[in-house]
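Asks: Sharing a structure, written as structure tokens. Questions coming.
The values are calculated or read from the model by the stated rules, or taken from the named source; none is laboratory data. Because the structure is a prediction, the values reported are computed rather than measured. Cβ atoms come from the backbone with ideal geometry, glycine included; neighbour counts cover every protein chain shown. Only protein heavy atoms, including side chains, enter the accessible area calculation; ligands, DNA and RNA are left aside. Shrake-Rupley method; radii C 1.70, N 1.55, O 1.52, S 1.80 Å.
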Number of protein chains: 2
Amino acid sequence: MPALAYIRGRLYPIEKAYKIHVEDRGYQYADAVYESIRYEKGKIIRIYDHLERLKRSLNMLQISFEFNFEEMKLLLEKIAVKTGYDRVLLYLQISRGVARREHPFPPICIPELVITARKFKPIPAKTRKKGVKCITHPDERWDRVDIKTVNLLANVLARERARKKGVRDSILFREDLEVTEASSANLFMVKDGAIYTPPLNGILEGVTRKEVKEIALNLKINFYEEYIYLQDIFLADEVFLSGTSIDILPVVEIDGFKIGSGKPGKVFWKVYEELIKSRN
Amino acid sequence: MPALAYIRGRLYPIEKAYKIHVEDRGYQYADAVYESIRYEKGKIIRIYDHLERLKRSLNMLQISFEFNFEEMKLLLEKIAVKTGYDRVLLYLQISRGVARREHPFPPICIPELVITARKFKPIPAKTRKKGVKCITHPDERWDRVDIKTVNLLANVLARERARKKGVRDSILFREDLEVTEASSANLFMVKDGAIYTPPLNGILEGVTRKEVKEIALNLKINFYEEYIYLQDIFLADEVFLSGTSIDILPVVEIDGFKIGSGKPGKVFWKVYEELIKSRN
């Protein structure tokens, strides 16, 4: 079986997964949270980080979906194995549930868990060696991007803009030119050997961001969580992105301007090497 | 048949409408537009305004769903009639379609039209006579609220906050205290006999807002589209909301403070009377 969807306790081939209710609040209000999770070589990468974040997201939206970490881990692994692929991208979404369309939380509503599993295609080695290009784009997202919800239309439009310009992603900045994230990745810059990344204030706490921080501490690389502004990234020695499906990815050009030498930098490679090691 | 759902050319009782794909971009990315439309006494209220706005929303998101206004009108009427109710609330949503989950617009994607029809419950006369209470709430929505999309989680949270406080709705304000809208309604205030409402810049152009404007012009009531700040609404003689499912609704208390006399005002009643007349 190739791609799969798990809905209300049953597995379907993805092409048959027309099983969501038209009045699911995830569909009508973006009233749902999610996680993208990777399964590789028989195990799920940083599963507890994902499940803890999922729990936080549910709490913040007051979606009462209780789950046991071990049971959820087993379920995800089971679905991943069923695909038959070595590397699987699992997508887990929990919406508030189905109810007559009205804005406030419905008095009775059963949260809806869905999981999809698809073959995971890693970033090709040559792409990483070359680095990627980005554009800058106003951060048009809502104020609660610290919660991992499907209220993602601003992210979609920013990413589509990048695609149209023939580059990898958009680096988002606020009105005061403060840089936040890319459309679905955290952002880092390197200056004089130290790593800088925006603080957890109005950004999403990425699982890979956490790994990068741990690695920097282990390697004794100075790591600063500080506000970064547009002008800073253009003067950086290195810029890179992090995310579950990209690991870390060097950005060598932004808005047509070379970053540092225009090639992936030393600090990037050091962190990347450790990241891959930690996965084995 | 009571509530109905129209999906891919077929009608279902709403409780059987588990027909949306798990990878519909409306479900995973809030990548969809919608309209709420009222059917009453054999016809749809301001159908062309709704369909024109729908077309604009689709264009702004580059969702290539072509439709003929007359055919869509007939379809909506047919579905409304099938419910057997005199007053029907039609909800129409068009998502970009189903595709493997990736942020940018998919190269091939067939937009998905769904329509639901439910009995419409108007605001009770005594509620309107008494007026409603509201709270104020920061406007946490994304930047493109001028497009009628399902990227509505901020609206949901603001409305839920109001419900928890035991009031009707939240009046949203920006960081500079500029007032925008309520969670799903346009906002008006009356001062010295003139009506004021925020200009079409960072708000949604409501169909009922347009009707209020026409009525004010007909009644020779001065009508100003001007930025309104929090302090202005507390000093207003009257405040009211407009929306498809509420028509216009007087706000008599905000954050516990009386507005004007604490009762629905003269200008409100004048406009309301005309609005109801125009529907006959």
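Asks: Are there any strands (runs of 3 or more DSSP E) wholly within the stretch A:1-99 with 1 or more residues that are over 19 Å from the mean Cα position of the chain (by Cα), and if so which? Spell out how you get there, then give the answer.
Replies: Numbers: elements: A:4-7, A:10-13, A:18-21, A:32-40, A:87-95.
It comes to A:4-7, A:10-13, A:18-21.
Asks: Determine whether A:Ile215 is in contact (Cβ under 8 Å) with a residue 60 or more places away in the chain and buried (at least 22 other Cβ atoms within 10 Å of the Cβ). Give the derivation first.
Replies: Working: in contact (Cβ under 8 Å) with a residue 60 or more places away in the chain: yes; buried (at least 22 other Cβ atoms within 10 Å of the Cβ): no.
Against the criterion (in contact (Cβ under 8 Å) with a residue 60 or more places away in the chain and buried (at least 22 other Cβ atoms within 10 Å of the Cβ)), A:Ile215 does not qualify.
Asks: Does A:Leu51 count as of a type in the set (A, V, I, L, M) and in contact with a strand residue (DSSP E or B) (Cβ under 7 Å, 6 or more places away or on another chain)? Outline the logic, then answer.
Replies: On the way: of a type in the set (A, V, I, L, M): yes; in contact with a strand residue (DSSP E or B) (Cβ under 7 Å, 6 or more places away or on another chain): no.
So A:Leu51 fails the test.
Asks: So, of the residues in the stretch B:131-174 that are in contact (Cβ under 8 Å) with a residue 40 or more places away in the chain, within 9 Å of chain A (Cβ to nearest Cβ) and open to solvent by 30 Å² or more (accessible area, probe 1.4 Å), which turns out to be nearest to B:Tyr34 (Cα to Cα)?
Replies: The selected residue is B:Arg144.
Asks: Do you know which residues across the stretch A:246-270 are assigned to a helix (DSSP H, G or I) and touching a strand residue (DSSP E or B) at 6+ places or on another chain (Cβ under 6 Å)?
Replies: The answer is A:Val267, A:Phe268.
Asks: Go through (1) touching a helix residue (DSSP H, G or I) at 6+ places or on another chain (Cβ under 7 Å); (2) open to solvent by less than 10 Å² (accessible area, probe 1.4 Å); (3) within 11 Å of another protein chain (Cβ to nearest Cβ) for B:Ile195 and report which single condition fails.
Replies: Just one mismatch for B:Ile195, condition (3).
Asks: Output the residues belonging to the stretch B:65-97 that are away from chain A (no Cβ under 14 Å) and under 28 Å from A:Leu153 (Cβ atoms).
Replies: Matches in the stretch B:65-97: B:Phe65, B:Glu66, B:Phe67, B:Asn68, B:Phe69, B:Glu71, B:Met72, B:Lys73, B:Leu75, B:Leu76.
Asks: Yes or no: the stretch B:222-232 includes at least one residue that is assigned by TED's automatic domain parsing to the domain that holds B:Ser184, touching a Cys at 6+ places or on another chain (Cβ under 8 Å) and among the charged types (D, E, K, R). Quick ask: steps written out before the conclusion?
Replies: Keep residues of the stretch B:222-232 that are assigned by TED's automatic domain parsing to the domain that holds B:Ser184, which gives B:222-232.
Filter again for touching a Cys at 6+ places or on another chain (Cβ under 8 Å), leaving none.
Checked the stretch B:222-232: no residue is assigned by TED's automatic domain parsing to the domain that holds B:Ser184, touching a Cys at 6+ places or on another chain (Cβ under 8 Å) and among the charged types (D, E, K, R).
Asks: Further question on the same structure: Keeping to the stretch A:111-126, report how many residues are part of a loop (DSSP other than H, G, I, E, B) and of a type outside the set (D, E, K, R). Explain how you work it out, then say what you get.
Replies: Of the stretch A:111-126, the ones part of a loop (DSSP other than H, G, I, E, B) are A:111, A:120-124.
Right, trim to of a type outside the set (D, E, K, R) and you get A:111, A:120, A:122-124.
The qualifying residues number 5.
Asks: Basic (Lys, Arg), in the same structural domain as B:Val98 (by TED's automatic domain parsing) and touching a Leu at 6+ places or on another chain (Cβ under 7 Å): does that describe B:Arg10?
Replies: Working: basic (Lys, Arg): yes; in the same structural domain as B:Val98 (by TED's automatic domain parsing): yes; touching a Leu at 6+ places or on another chain (Cβ under 7 Å): no.
When the stated conditions are applied, B:Arg10 does not pass them.
Asks: Filter the stretch A:92-105 for residues that are without any contact (Cβ under 8 Å) to a residue 60 or more places away in the chain and touching a helix residue (DSSP H, G or I) at 6+ places or on another chain (Cβ under 6 Å) and give the result.
Replies: Start the filter on the stretch A:92-105 by keeping residues that are without any contact (Cβ under 8 Å) to a residue 60 or more places away in the chain, which leaves A:92, A:102, A:104-105.
Once the filter is applied, which keeps residues that are without any contact (Cβ under 8 Å) to a residue 60 or more places away in the chain and touching a helix residue (DSSP H, G or I) at 6+ places or on another chain (Cβ under 6 Å), the stretch A:92-105 yields A:Pro104, A:Phe105.
Asks: Among the candidates A:Phe188, A:Phe234, single out the residue that is of a type in the set (Phe, Trp, Tyr) and closer than 20 Å to A:Asp247 by Cβ.
Replies: On the way: A:Phe234 fails: closer than 20 Å to A:Asp247 by Cβ.
So the residue among A:Phe188, A:Phe234 that is of a type in the set (Phe, Trp, Tyr) and closer than 20 Å to A:Asp247 by Cβ is A:Phe188.
Asks: Determine which single condition B:Ile108 fails, assuming it passes every other condition in (1) away from chain A (no Cβ under 13 Å); (2) within 18 Å of the chain's Cα centre (by Cα); (3) part of a loop (DSSP other than H, G, I, E, B); (4) aliphatic (A, V, I, L, M).
Replies: Condition (2) is where B:Ile108 drops out.
Asks: For B:Thr180, state whether it is surrounded by 23 or more Cβ atoms within 10 Å (Cβ to Cβ), among the polar types (S, T, N, Q) and more than 13 Å from chain A (Cβ to nearest Cβ).
Replies: Working: surrounded by 23 or more Cβ atoms within 10 Å (Cβ to Cβ): no; among the polar types (S, T, N, Q): yes; more than 13 Å from chain A (Cβ to nearest Cβ): yes.
No; evaluated as a whole, the condition is false for this residue.
Asks: Mind checking which pairs have a first residue in the stretch B:221-234 that is farther than 19 Å from B:Gly202 by Cβ and a second that is part of a helix (DSSP H, G or I) and among the small types (Gly, Ala, Ser), Cβ under 7 Å, 6 or more apart or different chains?
Replies: B:Phe223/B:Ala216
Asks: Where the second residue is assigned to a loop (DSSP other than H, G, I, E, B) and the first is acidic (Asp, Glu) and lies in the stretch B:63-91, which pairs have Cβ atoms under 8 Å and are six or more apart or on separate chains?
Replies: B:Asp86/B:Lys41
Asks: Take the residues of the stretch A:44-64 that are away from chain B (no Cβ under 14 Å) and among the β-branched types (Val, Ile, Thr): which is most open to solvent (accessible area, probe 1.4 Å)?
Replies: Residue satisfying both the conditions and the ranking: A:Ile45.
Asks: Filter the stretch A:246-280 for residues that are of a type in the set (Val, Ile, Thr) and within 24 Å of A:Arg161 (Cα to Cα) and give the result. So that I can check it myself, show each step before the final result.
Replies: As a first pass, look at the stretch A:246-280 and keep what is of a type in the set (Val, Ile, Thr): A:246, A:248, A:251-252, A:254, A:259, A:267, A:271, A:276.
Within the stretch A:246-280, A:Ile246, A:Ile248, A:Val251, A:Val252, A:Ile254, A:Ile259 qualify.
Asks: Next question. Are any residues in the stretch B:1-43 of a type in the set (A, V, I, L, M, F, W, C) and either away from chain A (no Cβ under 11 Å) or open to solvent by 30 Å² or more (accessible area, probe 1.4 Å) (or both), and if so, which ones?
Replies: Let us first name the residues in the stretch B:1-43 that are of a type in the set (A, V, I, L, M, F, W, C), namely B:1, B:3-5, B:7, B:11, B:14, B:17, B:20, B:22, B:30, B:32-33, B:37.
Residues satisfying the conditions are B:Met1, B:Leu11, B:Ile37.
Asks: Turning to a different aspect of this structure: Mind listing whichever residues of the stretch B:246-258 are of a type in the set (A, V, I, L, M, F, W, C) and either under 18 Å from B:Gly206 (Cβ atoms) or in contact (Cβ under 8 Å) with a residue 60 or more places away in the chain (or both)? Let's see the steps before the verdict.
Replies: Initial filter on the stretch B:246-258 (of a type in the set (A, V, I, L, M, F, W, C)): B:246, B:248-249, B:251-252, B:254, B:257.
Matches in the stretch B:246-258: B:Ile246, B:Ile248, B:Leu249, B:Val251, B:Val252, B:Ile254.
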